[in-house]
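Down below is the structure, laid out as structure tokens.
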Amino acid sequence: MLLTKLNLEKKEMKIHDFIATTYPKLVNTYLTIVPKARFMIMERMINALLREGFIQKQQKEAQLLQSQQIELSFQKGKIIIPIAEKYSYDRYKLKSNVTLIDHELTVTEVLHPIFLVELLKEYMEEQNITYSNLEGFQSELADSVANMGLGLLFQETRYEELRGIGQKNNWQTTLELVNGLADKDPTFDRSLFFEQSCVTGHQLHPCTKSKIGLTIEEVMQYSAEFDHVVELSLVALHKDVTYVNPQFEPQQMNEFWSNEYPELYDCFINGCLDKGVNPDEFVVLPVHPWQKNQTIPELYASELEKGDIFFIDNYSLPTKPTLSVRTVAPVSVDKKYHLKLPINVQVTSAVRTISPNSVHNGPELTGIIKTVLEREGYFNGKFGVAGEDFGIRFNSTIKNDTQSYHRNKNLSLLIRPNPESLVNEDETVLVACGLFSPSPVSNRLVVYEAVDHYHIRHPSYSLPENVRSFFKKYINVVLSGIIPLMTRYGIGLEGHLQNSLIVIKNDEPVRALIRDLGGVRVYKKRLDQQGVSGTFYPNSVTIGDDFVEMQNKVIHTVFQSHIGELTAHLAREYLIDEHELWDLVREECLNIFTQLNQDETLREDVEMDRAALLARTVETKALTIMRLKDDVTDYAYIGVPNPLYRTID
């Protein structure tokens, strides 16, 4: 077990040796960062234990009330979990590392999450609790810790450079920094900067930084925080093995490339001529370099041999990765698009390919939601989507192809707009998780910078008043579309921090955009009642008759994962009772439901959703249980207290 001195775990040691060889001046800095990376993952791990039912609720609450720590007793001794603070939805801030006290009263500090799992194995055995993926979970945890340390190290070195630039130009905030850098370099992508700043990943998932299957060099090359260029290869795909949503034609893909990248299209034409094939029979698809080297040669060997797939020579497309490894932003002045590509690697909890469901339903849902947004006037201009405008994939035509499921999701593309293309010149758009990243200018979280400068703009009000005012504007733009889309149209958007884009103007939120429609859940009955229809992929989990699943999608992603993170941070920094902030959220929800209730045909739906959102308890996705069971498709949920619940309505 790791004791009080810093002993590097195996994956940490690999990174240490890599840094010592490649960046020797950073070795000492890396060693100072390792404990911070471990603690970040440990805190997520503890939250999972306390939220997801590993410890009985009554035992947990009684111990917290008595001593601000939780004890787990088993044969070896006691595991002590010290808690600093508790926030909504049973979120906990860890006071210090977990310790083990044995029967000789020897205290051992547990400095790495994988060793906490070792202790928990024994505890669970005594409790007759079994999981099939304990060893796999440990490996993912170790990978997550190691990659967290690597990301934090290079964020620190990059921020040193940016801090110097900011001081030289007298830029006071991150927004001033990104706007200033964009003025100096027309290819600088402001929204991408905030994607790159989200180094610490998912706020609740202990495996947030795991990238199983990538080497250290590949993690650095393909992850956003390292700001490297990823050169995409291009393939030509025969139309006979191509699938697009029926509302599109494959040729539209080639028209896109011809218009946006004429040099690429010339290389495609020349490639077709060299092979003696008709360009009209093929379409162009980009391929991630990892996929090109590791997946394409073996999985599509038959098509490569027949000539149904061939690589386009003498051209590559320079891109930079976004927050999602598989989604990249072409490097250009225009900043029009993001390209979502499959990469057959497990990142966080799932292998990041693109399913046939997503290729078909993404553009379909985009069209549906755009129709609704136009009908609703974009909810007073406060809400929109960055949808998938086009989807295309390989489609196996081999009879009895036992690999068709994998082949159909490993060569595909979704095109969505770059957030920069969706805002005005006087607006800045940033992914919501970027609000909780440290500023390279002030070293405060970006959300605190935003609130502080909002307060400067409104000096006649006290700081607590301005914190509440900023928060009200924020939740207003987020919920302005989320709730009506759910209640009137049955569309449950996946509005967590990584999928939500916040548009800032004059230091305040003015609009929210939601992207990535792969996780949307649609309650078909409501959509049909509004006269809106679409053609969905057969047996798709996206659309169905389960309104609870649709509600849970919104509750878990929007209220818990998104707004819950904001309330906890604002309460902690500005010493505001978090319940006051949730009262404002509740008030906003009730106002929207009151407006919706004016439509008599919606009253039953309003009551159903109102009851679900304001219930005594709500279900949260049990992310760690899902990893321990090694199942990311069958969602596991656990009930947690709902901060929106009040005893008197």
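The values are calculated or read from the model by the stated rules, or taken from the named source; none is laboratory data. Treat the numbers as computed from the prediction; the structure is a model and nothing was measured. Cβ sites come from the backbone with ideal geometry, for glycine too, and all protein chains shown count toward neighbours.
Would you check if there is a residue in the stretch 140-156 being surrounded by fewer than 16 Cβ atoms within 10 Å (Cβ to Cβ), within 21 Å of Val229 (Cβ to Cβ) and not basic (Lys, Arg)? Scanning the stretch 140-156 turns up no residue that is surrounded by fewer than 16 Cβ atoms within 10 Å (Cβ to Cβ), within 21 Å of Val229 (Cβ to Cβ) and not basic (Lys, Arg). The residues of the stretch 234-267 that are in a helix (DSSP H, G or I), out of contact with any Asp or Glu (no Cβ under 8 Å at 6 or more places or on another chain) and among the aliphatic types (A, V, I, L, M), listed by number, are Met253, Leu264. Quick check on my filter: what residues within the stretch 329-347 are β-branched (Val, Ile, Thr) and either part of a strand (DSSP E or B) or crowded, with 22+ Cβ neighbours inside 10 Å (or both)? Across the stretch 329-347, the qualifying residues are Ile343, Val345, Val347. For the stretch 234-275, the tally of residues that are touching a residue at least 40 places away in the same chain (Cβ under 8 Å) and charged (D, E, K, R) stands at 4. Could you list, ordered by first residue, the pairs with Cβ atoms under 9 Å in which the first is in the stretch 431-451 and under 24 Å from Ala386 (Cβ atoms) and the second is among the charged types (D, E, K, R) and crowded, with 22+ Cβ neighbours inside 10 Å, at least 6 apart or interchain? From residues that are under 24 Å from Ala386 (Cβ atoms), the pairs are Val431/Glu195; Val431/Arg515; Ala432/Glu565; Cys433/Glu195; Cys433/Glu565; Gly434/Glu195; Leu435/Glu565; Phe436/Glu565. Annotation note: of Ile19, Ile79, the sole residue that is among the β-branched types (Val, Ile, Thr), over 20 Å from Asp143 (Cα atoms) and crowded, with 20+ Cβ neighbours inside 10 Å is Ile79. The set of residues in the stretch 87-115 that are within 26 Å of the chain's Cα centre (by Cα) and either surrounded by 16 or more Cβ atoms within 10 Å (Cβ to Cβ) or part of a helix (DSSP H, G or I) (or both) comprises Tyr87, Ser88, Tyr89, Asp90, Arg91, Tyr92, Leu94, His112, Pro113, Ile114.
With the checklist (1) in the same structural domain as Lys306 (by TED's automatic domain parsing); (2) under 19 Å from Ala571 (Cα atoms) in hand, flag the one item Ser396 doesn't pass. It is condition (2) that Ser396 fails.
Residue by residue, here is whether (1) more than 30 Å from Asn128 (Cα to Cα); (2) assigned to a helix (DSSP H, G or I); (3) at pLDDT below 95 holds:
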| site | (1), (2), (3) |
| --- | --- |
| Met1 | no, no, yes |
| Asn7 | yes, no, yes |
| Phe18 | yes, yes, no |
| Leu26 | yes, yes, no |
| Phe39 | no, yes, no |
| Arg44 | no, yes, yes |
| Leu50 | no, yes, yes |
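Residues considered: Asn408, Asn424. Of these, the only one that is in the same structural domain as Glu364 (by TED's automatic domain parsing) and over 23 Å from the mean Cα position of the chain (by Cα) is Asn408.
With respect to (1) at positive phi; (2) of a type outside the set (A, V, I, L, M); (3) without any contact (Cβ under 8 Å) to a residue 24 or more places away in the chain, the lone exception for Gly307 is condition (3). The residues listed here are Val283, Val351, Val385; of these, the one that is at pLDDT below 95 and of a type in the set (A, V, I, L, M) is Val351. For Arg603, are the conditions met, namely being within 25 Å of Gln498 (Cα to Cα), over 22 Å from the mean Cα position of the chain (by Cα), surrounded by fewer than 21 Cβ atoms within 10 Å (Cβ to Cβ) and basic (Lys, Arg)? Considered against the rule, which asks whether it is within 25 Å of Gln498 (Cα to Cα), over 22 Å from the mean Cα position of the chain (by Cα), surrounded by fewer than 21 Cβ atoms within 10 Å (Cβ to Cβ) and basic (Lys, Arg), Arg603 comes out as no. Of the set (1) touching a Lys or Arg at 6+ places or on another chain (Cβ under 7 Å); (2) in a loop (DSSP other than H, G, I, E, B); (3) small (Gly, Ala, Ser), all apply to Ser442 but (1).
Of all the residues in the stretch 386-410, those that are in a strand (DSSP E or B) and either over 26 Å from Asn254 (Cβ atoms) or not aliphatic (A, V, I, L, M) (or both) number 4. Tallying residues that are on the phi > 0 side of the Ramachandran plot and assigned to a helix (DSSP H, G or I) within the stretch 565-580 yields 0.
The rows are residues; the columns are (1) surrounded by fewer than 24 Cβ atoms within 10 Å (Cβ to Cβ); (2) touching a residue at least 12 places away in the same chain (Cβ under 8 Å); (3) hydrophobic (A, V, I, L, M, F, W, C).
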site: His455; (1), (2), (3): yes, yes, no
site: Glu465; (1), (2), (3): yes, no, no
site: Arg468; (1), (2), (3): yes, yes, no
site: Pro484; (1), (2), (3): yes, yes, no
site: Thr487; (1), (2), (3): no, yes, no
site: Gln529; (1), (2), (3): yes, yes, no
site: Asp545; (1), (2), (3): yes, yes, no
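Scanning the stretch 301-316 for residues that are within 20 Å of Ile354 (Cβ to Cβ), under 33 Å from the mean Cα position of the chain (by Cα) and buried (at least 22 other Cβ atoms within 10 Å of the Cβ) turns up just one, Ile309. Sort out which residues of the stretch 158-205 are surrounded by fewer than 21 Cβ atoms within 10 Å (Cβ to Cβ), in a loop (DSSP other than H, G, I, E, B) and not hydrophobic (A, V, I, L, M, F, W, C), and write them in order of number. Matches in the stretch 158-205: Asn170, Gln172, Thr173, Asp185, Pro186, Thr187, His202.
Confirm whether Gly377 is free of Cβ contacts under 8 Å to residues at least 24 places away in the same chain and not assigned by TED's automatic domain parsing to the domain that holds Gly534. Against the criterion (free of Cβ contacts under 8 Å to residues at least 24 places away in the same chain and not assigned by TED's automatic domain parsing to the domain that holds Gly534), Gly377 qualifies. Taking the stretch 52-68 as the range and being over 20 Å from His112 (Cβ atoms) and in contact (Cβ under 8 Å) with a residue 12 or more places away in the chain as the test, the residues that pass are Glu52, Gly53, Ile55, Leu64, Gln68. Residues considered: Arg526, Arg488. Of these, the only one that is at pLDDT 95 or above, closer than 23 Å to Arg586 by Cα and not small (Gly, Ala, Ser) is Arg488. Of the candidates Phe137, Phe193, the single residue that is farther than 19 Å from Met45 by Cα and of a type outside the set (Lys, Arg) is Phe193.
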